[in-house]
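Enquirer: My structure is below; once you've seen it, I'll send some questions.
The values are calculated or read from the model by the stated rules, or taken from the named source; none is laboratory data. Keep in mind it's a predicted model, so treat the numbers as computed, not measured. For neighbour counting, all protein chains shown are included, and Cβ atoms are generated from backbone atoms with ideal geometry for every residue, glycine included.
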Amino acid sequence: MYIIQNGTLVSSERVWRADLAMEDGKITAIAPNLAPKPGDCVTDAKGCFVFPGFIDPHTHLDMNNGVTTTADDFSSGTLAAVCGGTTTLLDFATQDKGKSLKEALELWHKKAGGRSSCNYGFHMAVTDWNEHTRQELMEMISAGVTSLKVYLAYDALRISDAQLLDILQECRSLGLQIGCHCENGEIVNFLQRRELSRGNYGPAAHPVSRPAAVEAEAISRYAYIAGLAECPITVVHLSSAAGLEEVRNARRRGQTVQVETCPQYLLLDESRYLLPGFEGAKFVMSPPLRSVSDRNTLCQAVLDGEIDTIATDHCSYRFAGQKELGRNDFTKIPNGAPGLEHRPALFFTQFVSTGLLDPERMCALLSENPARQYGMFPQKGLLAVGADADITVWNPNTVRTISAANQRHQTDYTPYEGMTVKGSASMVFVNGILTVRDGVPVQTGAGAYVFRKCTSTSLR
Ligand SMILES: [Zn+2]
């Protein structure tokens with residue numbers, strides 16, 4: 001038995017002082033003054049928050065984009081995750097065109113199995129929609145995969161509008177969650193060609209080729225098509241005020257639209273693309289960083305409760321040798337940036353340490369909501385007897401500076417270089433196993449596959 005004493009426990013509704021005991025991977029008791037028996041491990045969490053482990057519902061580990069493979073695999077990515085306080089992540093198993101969902105799922109199990117330090121589950125990214133794929137959806141549910149993702153951008157990944165409607169109808173009838181990468185791929189292709197034809201080869205052309213309207217149009221289309229299918233939807237990595245306006249429009253029409261955004265869209269802005277040399281490549285991700293005004297609007301949306309989950313879209317490439325593939329052509333810069341390790345500290349610093357939000361909201365956005373939305377609640381996302389012992393003990397008083405030199409991502413840079421953050425994970429338990437103490441891993445490989453249920457509960 002392991003007992004955490006004197007901590008301040010957090011749920012989405014309250015904070016309270018109690019001790020917490022765990023054994024065999026489950027929480028076994030929560031009460032004031034639990035008495036340890038001989039042989040119990042006891043630790044003091046005085047002055048710390050005790051959160052249900054943070055959940056990152058959007059990562060890309062060990063992903064090949066057709067040219068190069070992400071710097072982080074499941075080994076390094078999940079280790080970075082637990083060091084930052086994240087105990088579960090949901091990665092995207094991605095169907096290759098001409099292949100089955102089953103093959104994709106088997107491949108991702110192979111990538112993650114036996115080497116993950118945090119728990120992991122998979123969304124299934126459907127890129128080749130046909131009758132066989134349709135038949136496979138039930139199999140996915142039986143395998144614990146209860147959420148799909150579709151893309152409206154990237155030629156290798158995107159589906160047509162008619163396929164989107166068909167998929168949404170299936171999701172509606174089977175109770176699958178669906179998330180969408182909302183950018184109009186044809187317009188992006190056109191604008192990329194236009195920028196290149198004008199001689200704009202550098203990273204500064206990246207945001208020009210993917211303006212906010214490209215996101216807003218895709219969100220609007222996605223929402224209207226979902227309306228035809230009467231299917232609740234999720235917009236992943238929302239980046240712009242114009243996109244948010246389309247979410248509001250759909251909600252006003254009575255639709256259920258759940259929204260995810262990421263720290264990069266709440267902290268950084270498009271001025272990074274104008275950095276000298278090729279530095280801007282470090283921030284090439286899709287959707288791109290937006291204006292200061294967009295950023296402020298999204299921050300306000302977090303405060304106003306319009307955003308449901310905070311994920312990272314962690315998709316890491318090294319600057320040397322990987323981002324550099326696009327040195328002479330911005331369209332060849334691998335899209336994505338690292339963030340998995342830093343999401344809890346960035347969020348805590350920006351919103352909680354400043355008093356803008358209370359720890360309860362942080363618990364909702366980073367743990368309980370993703371657990372609820374993706375069929376893991378109440379085993380995860382909640383401190384309760386019988387729940388999984390995924391626990392992040394959060395010390396709010398530490399101060400440190402993020403740097404490529406002290407991170408665990410396998411990248412040679414971080415978009416948050418030089419940022420001072422408050423708070424850190426002082427102890428992290430995964431399935432009842434102490435995996436991290438004061439930022440240092442003490443046990444690797446404690447993560448397990450998370451078999452998820454279909455859930456009819458939507459967050460709205
Ligand atoms: Zn993504």
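Enquirer: What's the total number of residues in region 76-106 that are more than 16 Å from the ligand (Cβ to nearest atom), among the aliphatic types (A, V, I, L, M) and in contact with a strand residue (DSSP E or B) (Cβ under 7 Å, 6 or more places away or on another chain)?
Expert: Looking only at that region, the number is 4.
Enquirer: Which of (1) at pLDDT 95 or above; (2) within 23 Å of the chain's Cα centre (by Cα); (3) not in a helix (DSSP H, G or I) is the odd one out, the single condition Ile141 does not satisfy?
Expert: Only one criterion is unmet by Ile141, namely (3).
Enquirer: Looking only at region 234-284, which residues are assigned to a helix (DSSP H, G or I), of a type in the set (S, T, N, Q) and more than 16 Å from the ligand (Cβ to nearest atom)?
Expert: Those that are assigned to a helix (DSSP H, G or I), of a type in the set (S, T, N, Q) and more than 16 Å from the ligand (Cβ to nearest atom): Asn249, Ser271.
Enquirer: In this structure, is Val50 within 26 Å of Pro344 (Cβ to Cβ), away from the ligand (no atom under 16 Å from the Cβ) and not in a helix (DSSP H, G or I)?
Expert: yes
Enquirer: Just to be sure, is Asp44 surrounded by fewer than 22 Cβ atoms within 10 Å (Cβ to Cβ), touching a residue at least 12 places away in the same chain (Cβ under 8 Å) and either of a type in the set (Asp, Glu) or within 16 Å of the ligand (Cβ to nearest atom) (or both)?
Expert: So Asp44 passes the test.
Yes/no matrix, rows are residues, columns are (1) surrounded by fewer than 20 Cβ atoms within 10 Å (Cβ to Cβ); (2) more than 16 Å from the ligand (Cβ to nearest atom):
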| position | (1), (2) |
| --- | --- |
| Met138 | yes, yes |
| Ala156 | yes, no |
| Ile159 | yes, no |
| Gly175 | yes, yes |
| Glu183 | no, no |
| Leu191 | yes, yes |
| Arg198 | yes, yes |
| Ala204 | yes, yes |
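Enquirer: Which of the residues spanning region 96-123 are under 22 Å from the mean Cα position of the chain (by Cα) and assigned to a helix (DSSP H, G or I)?
Expert: Across region 96-123, the qualifying residues are Leu101, Ala104, Leu105, Glu106, Leu107, Trp108, His109, Lys110, Lys111, Ala112.
Enquirer: Output the number of the condition that Asp304 fails; it satisfies all remaining conditions of (1) over 24 Å from Asp62 (Cβ atoms); (2) charged (D, E, K, R); (3) in contact with a Lys or Arg (Cβ under 8 Å, 6 or more places away or on another chain).
Expert: Looking at each condition in turn, Asp304 falls short on (3).
Enquirer: What number of residues within region 285-296 satisfy the criterion of being crowded, with 19+ Cβ neighbours inside 10 Å and more than 16 Å from the ligand (Cβ to nearest atom)?
Expert: Counting residues in region 285-296 that are crowded, with 19+ Cβ neighbours inside 10 Å and more than 16 Å from the ligand (Cβ to nearest atom) gives 3.
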